Amino acid sequence: MALRGSLVVVTGASYGIGAAAARVFGRNGARVALLARTAAALDAVAYDIRAQGGVAQAYPVDLTDAPAVAAVAQHIIADLGIPDVLLSNAGSGRWLFVEETEPDEAVAMMAMPYFAAFYITRAFLPPMLARDRGHLAYVNSPASLVAWPGAAAYTAARWALRGFVEALRADLHGTRLRVTSIIPGLVATTYFEHNPGVLERAPGLARRLLPTLTAEEAATAIVRGIARGDREIMMPGRLRLLYAVHAVAPRLVRWLTVATGAKRGER
Ligand SMILES: NC(=O)c1ccc[n+]([C@@H]2O[C@H](COP(=O)([O-])OP(=O)(O)OC[C@H]3O[C@@H](n4cnc5c(N)ncnc54)[C@H](OP(=O)(O)O)[C@@H]3O)[C@@H](O)[C@H]2O)c1
């Protein structure tokens, strides 16, 4: 799809991968609506995009608040129109064993990213369906494909998101709306400050095998894949290779993930 002049809604656009993707979309001539909670950080990203000649507008919102998401979607449609691309990228969640996870935190991990992705999709889908055009893209995690130890509630929420994306694809069969699943490996962002203790719990397999990407590298791959209409975007290349091995030898990859993963009592 042609990005120039298109309208792209990016969630989680205040920091990390979302902020970088918003900038790349802006550089490619898209008009960008930026969503997250932190207004000052959204304004800074919008300012950068405008300083480079782009069009960007910040919409501060808590994406786990369904009525607030419905209201912000109406504002965006009134201000800028119906999105051509929705990039649902906002996410959070610590990696904890079940017994370390308070029930409230398990609920919060389901709310962000899964319910947030559901709410924002539900808010934009009717006008996108009526126009029968558009692209819905979801940033997920390698944990949506293979579970690793010490991240139970996080993993369950990522499997929920993956299930939603697959079901949405089935729902949209026969329409001209496209759905993309995005799975980055390790990306150097504020995620690890926002969710302390996560990096230490990454399986050794991932830490040894996968180069850590910059947010800009991840964002460039995401924007390129969306423009091409890819069904799945996975980066870096070695992550794709790992999942190709998983497709033929799932028990081996599962064993390596668990054997090199977090152990109780270790950090
Ligand atoms: N970094 C990695 O290695 C990595 C790897 C695989 C997948 N991912 C996924 O990539 C996505 C982006 O992560 P990142 O690395 O860029 O993390 P990040 O730097 O922590 O950014 C997360 C974004 O989500 C927003 N967000 C969180 N809770 C929100 C809420 N309730 N309402 C609205 N916005 C909310 C944050 O903005 P506010 O705090 O301003 O609301 C922020 O913009 C996430 O879904 C993450 O799971 C990351």
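Only one entry in GLU200, GLU193 is assigned to a helix (DSSP H, G or I) and within 11 Å of the ligand (Cβ to nearest atom), namely GLU193. Residue pairs whose Cβ atoms lie under 7 Å apart, separated by 6 or more positions or on different chains, with the first residue in the stretch 173-198 and of a type in the set (Phe, Trp, Tyr) and the second within 7 Å of the ligand (Cβ to nearest atom) and not in a strand (DSSP E or B), are TYR191/GLY16.
Mind listing whichever residues of the stretch 210-219 are surrounded by 17 or more Cβ atoms within 10 Å (Cβ to Cβ) and either out of contact with any strand residue (DSSP E or B) (no Cβ under 6 Å at 6 or more places or on another chain) or assigned to a helix (DSSP H, G or I) (or both)?
Step one: filter the stretch 210-219 for residues surrounded by 17 or more Cβ atoms within 10 Å (Cβ to Cβ), giving 210, 213, 215, 217-219.
Result: LEU210, ALA215, GLU217, ALA218, ALA219.
Contact map, the stretch 136-157: first residue more than 10 Å from PRO113 (Cβ to Cβ), second residue assigned to a loop (DSSP other than H, G, I, E, B) and hydroxyl-bearing (Ser, Thr, Tyr), Cβ cut-off under 6 Å, separation 6 or more or different chains; pairs are ALA153/THR101. Residues that are of a type in the set (D, E, K, R), over 18 Å from VAL8 (Cβ atoms) and over 18 Å from the mean Cα position of the chain (by Cα) within the stretch 119-176 comprise ASP132, ASP171, listed in sequence order. Considering only the stretch 27-68, state which residues are farther than 18 Å from ARG122 by Cα, hydrophobic (A, V, I, L, M, F, W, C) and either surrounded by fewer than 16 Cβ atoms within 10 Å (Cβ to Cβ) or within 14 Å of the ligand (Cβ to nearest atom) (or both). Within the stretch 27-68, VAL32, ALA39, ALA40, ALA41, LEU42, ALA44, VAL45, ALA46, ALA51, ALA58 meet the criteria. The residue that is farthest from GLY18 (Cα to Cα), among those in the stretch 195-236 that are at pLDDT below 95 and of a type in the set (Gly, Ala, Ser), is GLY204.
Based on this model, can you work out whether PRO103 counts as in contact (Cβ under 8 Å) with a residue 12 or more places away in the chain and closer than 30 Å to GLU200 by Cβ? Taking the combined requirement at face value, the residue does not satisfy it. Pairs linking a residue in the stretch 61-73 that is touching a residue at least 24 places away in the same chain (Cβ under 8 Å) and acidic (Asp, Glu) to a residue that is within 12 Å of the ligand (Cβ to nearest atom) and in a loop (DSSP other than H, G, I, E, B), with Cβ atoms under 8 Å and 6 or more positions apart or on different chains, are ASP62/ARG37. Taking the criterion of being under 17 Å from ALA153 (Cα atoms) and more than 15 Å from the ligand (Cβ to nearest atom), no residue of the stretch 69-95 qualifies. If the condition is being of a type in the set (Ser, Thr, Tyr), assigned to a loop (DSSP other than H, G, I, E, B) and within 16 Å of the ligand (Cβ to nearest atom), then the stretch 148-190 contributes THR189, THR190.
The values are calculated or read from the model by the stated rules, or taken from the named source; none is laboratory data. This one's a predicted model, so the numbers in the text were calculated from it and none came from an experiment. Reconstructed Cβ throughout: ideal geometry from the backbone, glycine too, with neighbour counts over all protein chains shown.
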